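The values are calculated or read from the model by the stated rules, or taken from the named source; none is laboratory data. Computed from a prediction, not measured in an experiment: that's the story for all the values here. Here Cβ is always computed from backbone atoms with ideal geometry, including for glycine, and neighbour counts include all displayed protein chains.
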Amino acid sequence: MDDLPVFATCPRHVRAVDFGHALVLINYRTSRVQALQPPATSQWGATSHTGVLDAIDPALARRLLALGLLTPTRDPAPWPPALRARSARASWGSTEHPAGINRPPRVALTGTLSAATALTTAFAITRRGHDSMWRTVALLTTSVARTVRPATFEQATGAVQAVRRAGWYFPGRTACLEESVAAVLLLGARRLGVRWCHGIASDPIRLHAWVQTEDGADVAEPSSTCAYTPVLTIGDRHRQPL
């Protein structure tokens, strides 16, 4: 331990999610995700109470420091406990999921063109290197801060469908992150607010981004989205800033 700092803390831009069988650490500055098995999870929990690194195996401590999941401090700086997440029953890879591509519903040309502009911005910001998620969070925070009223469910649904329609013709990859960011930007241009959610689910551990209305209704999402525990939300009074 001679080459390690005595004290460390978990930075605000790192979120810890406890599934019981694994602890997942998400670094929203570097976009890195790290899963810890139960022995390492116990060490993380013990250290979170004290901020003293002697509760962690030296090799694990070096790994967490190198990934920016812990940062050295001059004094003890305990951090909040991990977020408890819903853990799916283990399927051992046998769970079936629907597959296929469905053409999005038709949208007015003007709406599709506006959505294409928002999608282009989302695509560019989510492709800006290792700190793309950090820049994405900053862009979303700025967009929702300028809204003046919440979007209705119909308005939010229309925006998501317009983005998906534009994405049908878009030459780049358009998955949940790009779609959800573009929907927020599209509504933000009309000063309408929604809640952007970034969550995690288990079996296997996977991430998802989606949009909710400000009263918590998922917008144009399948029922399987309920399996995701929101880790970071941006928008309205429930916003959890980094």
* Structure fact -> Matching residues in region 1-29 (in contact with an Asp or Glu (Cβ under 7 Å, 6 or more places away or on another chain) and either without any contact (Cβ under 8 Å) to a residue 40 or more places away in the chain or in a loop (DSSP other than H, G, I, E, B) (or both)) number 2
* Structure fact -> Every listed condition ((1) under 25 Å from residue 102 (Cβ atoms); (2) out of contact with any Lys or Arg (no Cβ under 9 Å at 6 or more places or on another chain)) holds for residue 227 save (2)
* Under 9 Å by Cβ, and 6 or more places apart or on different chains, what pairs join a residue from region 36-47 that is assigned by TED's automatic domain parsing to the domain that holds residue 20 with one that is in a helix (DSSP H, G or I) and acidic (Asp, Glu)? -> 47/54
* Structure fact -> Just one listed residue, out of 164, 173, 190, is crowded, with 19+ Cβ neighbours inside 10 Å and basic (Lys, Arg), and it is 164
* Pairs, first assigned by TED's automatic domain parsing to the domain that holds residue 187 in region 113-128, second surrounded by fewer than 19 Cβ atoms within 10 Å (Cβ to Cβ) and among the basic types (Lys, Arg), C-beta under 9 Å, six or more apart -> 123/173; 125/135; 126/135; 128/135
* Which condition does residue 218 not pass, out of (1) within 15 Å of residue 133 (Cβ to Cβ); (2) at pLDDT 95 or above, if it passes all the others? -> (1)
